[in-house]
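The structure appears below as structure tokens.
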Amino acid sequence: MRVVIAGQGYVGLPLAVRAAQVGHSVVGFDVDEERIKRLAAGESYVDDVSSAELQEILDAGTFHPSADPRSCAGFDVAVIAVPTPLREGTPDLNYIEQSARTLARYLRPGATVALESTTYPGTTTDLVAPLLEEGSGLIAGVDFHLGYSPERIDPGNRTWNLVTTPKVVSGINAESLERVQAFYASVVEHTVPVSDPKVAELAKLMENTFRHVNIALINELAVFAHDLGIDVWEAIEAASSKPFGYMPFVPGPGVGGHCLPIDPSYLSWRVQRTLGQSFRFVELANDINNHMPDYVVRRLVGALNQRRKPVNGSTVLLLGLAYKKNSGDARESPARRVASLLLDMGAEVRAADPHVVEDAHVDRRVVRVAATAEQIAAADAVILLADHDAFDLDLVVEHAGYVLDTRHRITGPNVETL
């Protein structure tokens, strides 16, 4: 089939590559011309896609990156996989709207459109369908097929990737579901059909809200446990021995990426706007997780004070700018807030992260360095924020004067854990 994937980021590019690998003729469409130039040169900027994989499908002629809307013409299947950020607490669906309008110009009878972008329940039927109909003159569910299939990308996860993770699929009617499921069945191992796009949209938000709330719970427990003089990590390990009724979550410096800092707020916004009620669990989780970087900085300030060192003038080395292990995704990363707070307090902030190659999400005042013995030894304090496998943690213990480990990966007389 001729397939268009609108959006070539952490979600769209892996899907485009996989679709091309299984034999579809794929157009990777993105309005970012720099991205398209890099893709056309065989250069990947996404962890889950290697440059070698990219070059292979470019050479095979099954993948065509393009910023020209006319390249979308003649598609059999189109997938919208564009960002859905929050703007001052309100969902910004401009990228979805722009993609739908572009695809509508080239929509043909019998074609299929699937939305993957995370959003509030009702987006597929109430926003995307009318835009496609208006721009094409066709009727959704009659002349063309439409559905929703939420992305479940976990950057850096080598076990559960695009192919192995079950894919929830939906359609606005039975035939749309059949067509959407048929496409995804060609690229993933297992599909999970549901009765309605709103169910699929809610399922995605439910998954992320579940994690968000439970991470907030353990983060708050970690703060209180420290104040009470209790090792929260040992308590987590002990609780994890229970074979039923418990699922372990671990504390950290905050949440990042697109999912947890943003997606649950889509559900909260929808509930408030539609029902006039507050989604209190989400709001409380937002408050706790958003303030974890502040807690990390308070812990560091206290540790430096004990060593008779002010933050102002101290050199602090951040290990990890990404929001999670072995990922290059620095969107909404807690490291950004940690760095900003320390810089505003007069610290010289250096940061090492071999995975984060783009500085778009990093404060320009942060000095990028490598995690060498010299840099570690030169720092008054080291904060481990993302426990990448690329970091030599033994080197950190050997050369650092003080380490605040937010991931519970290091032990030693000069190390404190979150």
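Here are a few things to note about the model shown:
- Protection proxy ranking, peptides 313-320, 267-274, average beta carbon neighbours within 10 Å, highest first: 313-320, 267-274
- All lysines inside 29 Å of Lys324 as judged from Cα atoms, apart from same-chain residues fewer than 8 positions distant: Lys37, Lys167, Lys204, Lys242
- Whole-number percent relative contact order across the chain, with pairs defined as alpha carbons under 8 Å at least 6 apart: 10 percent
- The stretch 29-105: C-alpha gyration tensor shape, a/c 1.5 cut-off, then a/b vs b/c: oblate
- Normalised by the number of residues in the stretch 376-418, the average gap of Cα pairs under 8 Å and 6 or more apart makes the relative contact order 40 percent.
- For Asp126 and Asn414, the difference between the fully extended length at 0.36 nm per residue and the C-alpha to C-alpha distance is 98.0 nm.
- Anisotropy class assigned to the stretch 41-150 is oblate, per the alpha carbon gyration tensor with a/c at or over the 1.5 cut-off and a/b no larger than b/c.
- Between the C-alpha center of the stretch 5-77 and that of the stretch 283-307 there is a gap of 40 Å.
- Amide H contacts of Thr191 (H built 1.01 Å from N, under 5 Å, at least 5 apart or other chain): Lys167
- Three-way shape label, the stretch 342-387, alpha-carbon gyration tensor, a/c 1.5: oblate
- Orientation-averaged projected area, Cα convex hull of the stretch 201-278 (nm²): 6.7 nm²
- Computed helical MRE - 222 nm, the chain, DSSP H runs ≥ 4 contributing -39500 (n - 2.57), nearest 500: -12500 deg cm²/dmol
- For the stretch 1-151, the relative contact order is 22 percent, taking Cα pairs closer than 8 Å that sit 6 or more residues apart in sequence and dividing their mean separation by the residue count.
- Rounded tilt (10° steps) of 197-228 against the dominant C-alpha axis of the chain: 0 degrees
- Note on the chain: with a GNM built from Cα contacts shorter than 10 Å, the maximum mean-square fluctuation among Pro166, Pro253, Pro150 falls on Pro166.
- Hz values of 3J(HN,Hα) by residue in the stretch 37-46 - Karplus curve (6.51, -1.76, 1.60), Gly and Pro given as x: 4, 5, 5, 5, 8, x, 9, 8, 10, 10
- 3J(HN,Hα) along the stretch 16-24: 4, 5, 5, 4, 5, 5, 8, x, 6 Hz, from the Karplus curve 6.51 cos²θ - 1.76 cosθ + 1.60 with θ = phi - 60°, whole Hz, x for Gly and Pro.
- Shown in residue order for the stretch 69-85 are the 3J(HN,Hα) couplings computed by the Karplus curve 6.51 cos²θ - 1.76 cosθ + 1.60 at θ = phi - 60°: x, 5, 5, 7, 5, x, 6, 8, 9, 10, 10, 9, 10, 10, x, 10, x Hz (x for Gly and Pro).
- Extended-chain gain in nm, criterion 0.36 nm per residue less alpha-carbon gap, Asp227 and Arg368: 47.4 nm
- Translational diffusion of the stretch 379-418, estimated by Stokes-Einstein from the Kirkwood radius over alpha carbon pairs at 25 °C in a medium of 0.890 mPa s, is 247 µm² per second.
- The listed peptides 190-198, 108-116, ordered by packing as a protection proxy, come out as 108-116, 190-198 (highest mean of other Cβ atoms within 10 Å first).
- Annotation: the antiparallel percentage among DSSP beta bridges lying fully within the chain is about 5.
- Degrees, to the nearest 10: 174-185 long Cα axis against longest axis of the chain: 50 degrees
- Extension gain, Lys242-Glu283: 0.36 nm per intervening residue step, less the Cα-Cα distance, totals 11.8 nm.
- Amide H contacts under 5 Å for Val113: Ala78, His145, Leu146, Gly147, restricted to partners 5 or more places along the chain or on a different chain, H placed in the peptide plane at 1.01 Å from N.
The numbers here are math on the coordinates, done by the rules we state, and not lab data. This structure is a prediction, so every number in the text was calculated from the model and none was measured. Cβ atoms come from the backbone with ideal geometry, glycine included; neighbour counts cover every protein chain shown.
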